[in-house]
Every structure is written in structure tokens, then in C-alpha cells.
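Q: There's a structure below that I have some questions on.
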Amino acid sequence: MLSTLRPPYGHATPLFLSLLRRAGAVARLMMCSLLVLMLATLAGKFSEAQAAGSSAGKHRSAATGAKGRKRTVRKKASADKPARTARSRRALRRPAAAAAVAGTAATAATAATATPASAPASGKPELLARCGFTEASRRHIFSRGVYVLDEQTGTPLFERNADTVAPIASVTKLMTAIVWLDQKQLAMGNRLEVTEDDLDTLKFTHSRLGVGASLSRADMLHIALMSSENRAAAALSRDYPGGRPAFIAAMNARAQALGMSHTHFENATGLSPENVSTPRELAALVQAANRYQLIRNDSLDKQKMINIGRGQLQYINSNRLIRYGQVNASVQKTGFINESGHNMVLRMLVHDRRPVIVTMLGSGSADGSRLDGVRIAKWLNCSLN
């Protein structure tokens, strides 16, 4: 009896269950679609945010690289306007500032071109304080009379008692050489013998050239200039056409021709204190002597072996500045007697090319005269081009 019972709704229950199942599948499908849509939306927003952040980072990097600092992004137009105005004002000021700087640089360049370190505004050379040419340094010059002349421009660079007449001692031998070479009548290779007439009877100085020593005239001139050999100079003046009086007259005539109005010679050796001149006038003598190749060579030679007929003698340069290569010169001469003190004249070659005449009279010692030459050479090498 139970097996024959039927449900009250017949076939309605399976149909309802089928519809319910279909509705659940549709709902699930819609939910999945909604979920996928939401995920896609979120993914898109995330990608946009990431792209925007990357772009902003690139802009910040470019700004930092160009200016060396980070810039603040202005968000409001009202805040950006004053900034643009300030930048405009700065931009307007920059050309004027650049022009002013350029003008200053041009002025400085023009001044540097017009006024080099070795010359004042007048264009004449001068000794510079930064090169040691100071009042204190000048007080350390030992020579009583000094004259320094830039031969290139004719500009006196330093003077001390330049017009004071004083004995010049063996500086005389430059004039002796000039007068001897000017006569051009006696062969330089012929030998000349030292005689009693060549001995010093004024100062009674000693010489290694004994009476009877025989030298070529060229060697006589060489050791008279290089080593200030008195008997050699005396022998040359005696051997002159007309004798020694004619030679002395020719020396004084040549001094007058050179404009040396305060210069006078009594003998060819310089042993007489009556052989006088001034530092300024000796500059003219140095310039004249420099025109003779033989005087230049002989006065600058450091040493020479001389054949005196009965043996040989070694001679050295009496100027230690030349002997030890402390200065570069084209002609030089030293001199000493008690009345004159130690004297030196030079035609220095500054930087091996620029001639400057230096005459120094009356140092109390040979070292003082040498140190004066070194000090003046330093002034010149630093101050002149």
C-alpha cells in the first residue's frame, strides 16, 4: 500500500529542481563575470598609477640632472605666475651681468697686453721690487759707484754716483786693447819681448813675466785682458808706432771721441790713480770694446797656456763671475789699486740675448764686487724679458 503512494504534485518536483539548478549555474556565471570585471578594472588602475609614477620619476631625474638639484612642482597657477616673473627678471639681468664681466675681462686683457711685467706704463724697462730691487737690497750693494744701462732701449735701470769721477785701475786695459787694435800696422803673430821699460816703477807690482820673456803680440793682448797682466799691457804701449807717449795720446783722443769728457789716462796699465772715469762714461767704453771680436774672446776666456819663449805659463781669468760661469756676458774687465778699490765692468746678456751694461767702481773687496754682480744679474733676469 505504501508502494502505491505518489507525491502530491506529480511531475512538478523534478521540474522545479531542474530550474533551481539552472538558476544557480547562471548566478555562479554572473558572479564569476563580475569578479573578472572587477579584477580587470583594478589591474588597469594599477597599471595607470605605475605608469604615472614612472613618468614623474623621469621628469624629476631630468630636472635634477640639468640643474643639479630637485625642483618643486607648483600645482597652482597663481603660485606659478610670480615664479615666472622672477625668472624673467633674472633672465634680463643675466645678459647685463655677462656683458659687465666680459667688459672687465677685456679691460684686464688690454691692460695686461699694454703693460707687461717687465715694463711700466711708459713702455720703458725697469727693475722690479718683486724681483728684489728694494731699498733694503740696494743698501747691500758694496760698490760706491754703479751704473746699469739697458742697451736695447738706452734706459738707465740703476744709478749710484754714476757721474762721480774715480780711479778705474785695470779697467783701463779695455781702452789699451781698442787703441792697439785700431793701429793695424803690426802683425799680431810677431813676438814681443818684455824689457826693463815695462817694469812697474809706480806701484812696484810683481809679474810672472820676467825681463826677456818673449810672447806673440796676440798672447800679450790675451793675458792683458783675461788676467790683467800689467807688463803685457806696458809692452804693447811701448811697441806702438811713436812709442808710449803716442799710445797714451791716442787713448785720450779715443775717449774724447766716445764722449767720455771726464775720462783721462796716464798709462796703459791702469796702475796710475790718474786714470779716471765715471760709471756712466765707462758704459760707453764697454760698448766700444764689445765691437771687437778679439776683445770679446780674450776677455771671456777662462784660462790659457802661454808660451813665453823659455817655457810656458798658465793664466786664468781674473773675474770669478766669468771663471765660474756665474753670469753670461759678451765682454768684461776687472781692476784694482788701493786708490780705486775693486772695480768691474760687464756687458751682461740677460736671458742669453738682451745686452745690459753694468759698471761698478769702488767696492771694498773683490768678494763685494763679485756679489754686486750676482745681485744685479738676479734683478735683471727677473725684471726683463
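Q: With the dipole of region 129-383 worked out from charges on the C-beta (+1 for Lys and Arg, -1 for Asp and Glu) around the Cα centre, which of Met188, Thr263, Met251 lies farthest toward the positive end?
A: So the residue furthest toward the plus end is Met188.
Q: Please give me, ordered by residue number, the trypsin sites (Lys or Arg not before Pro) of region 162-209 that lie in loop per DSSP and have at most 11 other Cβ atoms within 10 Å.
A: Values: sites: Lys173, Lys184, Arg191, Lys203, Arg208; in loops: Lys184, Lys203, Arg208.
Counting only loop positions with at most 11 other Cβ atoms within 10 Å, the trypsin sites (Lys or Arg not before Pro) in region 162-209 are Lys184.
Q: In addition: In whole angstrom, and with the biggest value first, how far do the Cα coordinates of region 151-213 range along each principal axis?
A: Projected onto its principal axes, the Cα set of region 151-213 covers 48, 31, 17 Å.
Q: Still on this structure: Quick one: plug the Kirkwood hydrodynamic radius of region 129-383 (C-alpha pairs) into Stokes-Einstein at 20 °C, 1.002 mPa s, and report D in µm²/s.
A: Numbers: Rh = 18.2 Å.
My calculation gives 118 µm²/s for D.
Q: With a cut-off of at most 12 other beta carbons within 10 Å, and DSSP calling the residue loop, which trypsin sites (Lys or Arg not before Pro) in region 307-370 qualify? Please list them.
A: Here the sparse-neighbourhood loop sites are Arg310, Arg353.
Q: What are the chymotrypsin sites (Phe, Trp or Tyr not before Pro) within region 254-351 that DSSP puts in a loop, where the Cβ has at most 15 other Cβ atoms within 10 Å? Please report the intermediate quantities before stating the final value.
A: On the way: sites: Phe265, Tyr292, Tyr315, Tyr324, Phe336; in loops: Phe265, Tyr292, Tyr324.
The qualifying sites are Tyr324.
Q: Within a 10 angstrom radius of the beta carbon, how do Leu361, Leu294, Leu271 rank from fewest other beta carbons to most?
A: Working: Leu361 32, Leu294 15, Leu271 25.
Final ranking by Cβ density, sparse to dense: Leu294, Leu271, Leu361.
Q: Moving on. Report the FRET efficiency, 1/(1 + (r/R0)^6), for Arg138 and Lys203, where r is their Cβ-Cβ distance and R0 is 22 Å, rounded to 0.05. Before the final figure, lay out each step's value.
A: On the way: r = 33 Å, r/R0 = 1.50.
Computed FRET efficiency for Arg138 and Lys203: 0.10.
Read-outs: derived from the displayed coordinates by stated rules, not from any lab. Remember, predicted model here, so these are calculated numbers, not experimental data. Using ideal geometry, Cβ is built from the backbone for each residue, glycine included, and neighbour counts are taken over all protein chains shown.
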